[in-house]
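Novice: This is the structure, below, for whatever I ask next.
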Amino acid sequence: MTSTQTQLARFRALLSKEGLKLTSQRKVIADVFFTGAKHQSLLELLEQAKVKQKSIGYATVYRTMRLLTEGGLAVEHKFGENQARYEPVHDGEHHDHLICLDCGAIVEFEDPMIEQRQDRMAADRGFEVVSHRHEVYVRCLPGQCRRDAAAS
């Protein structure tokens, strides 16, 4: 079973647990979310879902993403902007983010040394890390900005 199929199966189980049906609109939104680019906004999800089913509205996307987030299948990020962005949750996977203040690029990274240091700092102060979000706000190096590359 692929990761997308696993996520969709979990979504079906979540809906069943909540006493909700897997409507065609919810299925399209989940398909778009689990197979699309990471860090999508509600408007981006809506645009992609409308390509597959024109009758889908913003409120349905909002409610579906709230359900996925509350059900532990999606993570909502703000990344210093007004609109929320969403990414799927994958078991056992953790990563942090670099966010460009100029072009808005979001790059995921993993660094075991940062993770170990956080755990050690918490333990030295009598705590155990349960979860965290590490967002590093950056600017692309001159000549390497994604915004400049998109304009050419």
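The values are calculated or read from the model by the stated rules, or taken from the named source; none is laboratory data. Here the structure is a predicted model, which means the values were calculated and not measured. Neighbour counts run over all protein chains shown; Cβ positions are idealised from the backbone, glycine included.
Novice: Keeping to region 36-62, report how many residues are in a loop (DSSP other than H, G, I, E, B) and either outside the structural domain of residue 21 (by TED's automatic domain parsing) or in contact with a strand residue (DSSP E or B) (Cβ under 7 Å, 6 or more places away or on another chain) (or both). Reasoning before the result, please.
Specialist: Kept after step one, since they are in a loop (DSSP other than H, G, I, E, B), are these residues of region 36-62: 36-39, 53-57.
Right, trim to either outside the structural domain of residue 21 (by TED's automatic domain parsing) or in contact with a strand residue (DSSP E or B) (Cβ under 7 Å, 6 or more places away or on another chain) (or both) and you get 38-39.
Matching residues across region 36-62 total 2.
Novice: Counting just the residues of region 63-88 that are aliphatic (A, V, I, L, M) and part of a strand (DSSP E or B), which one comes out modelled with the lowest pLDDT?
Specialist: If we filter region 63-88 for residues that are aliphatic (A, V, I, L, M), which is where we start, we get 65, 67-68, 73-75, 84.
From what's left, part of a strand (DSSP E or B): 74-75.
Numbers: 74: 90, 75: 87.
Once the filter is applied, the top-ranked residue is 75.
Novice: Please pick out the residue among 102, 124 that is farther than 21 Å from residue 68 by Cα and touching a Cys at 6+ places or on another chain (Cβ under 7 Å).
Specialist: Going through 102, 124 in turn, just one is farther than 21 Å from residue 68 by Cα and touching a Cys at 6+ places or on another chain (Cβ under 7 Å): 102.
Novice: How do the pairs read when you match residues in region 121-140 that are assigned to a helix (DSSP H, G or I) with residues anywhere that are not polar (S, T, N, Q), using Cβ under 6 Å and keeping only pairs 6 or more apart or on different chains?
Specialist: Listed pairs, sorted by first residue: 122/129.
Novice: Residue 29: assigned to a helix (DSSP H, G or I) and touching a Leu at 6+ places or on another chain (Cβ under 9 Å), yes or no?
Specialist: yes
Novice: Further question on the same structure: For region 29-74, name all the residues that are aliphatic (A, V, I, L, M), free of Cβ contacts under 8 Å to residues at least 24 places away in the same chain, closer than 15 Å to residue 4 by Cβ and crowded, with 19+ Cβ neighbours inside 10 Å.
Specialist: 32
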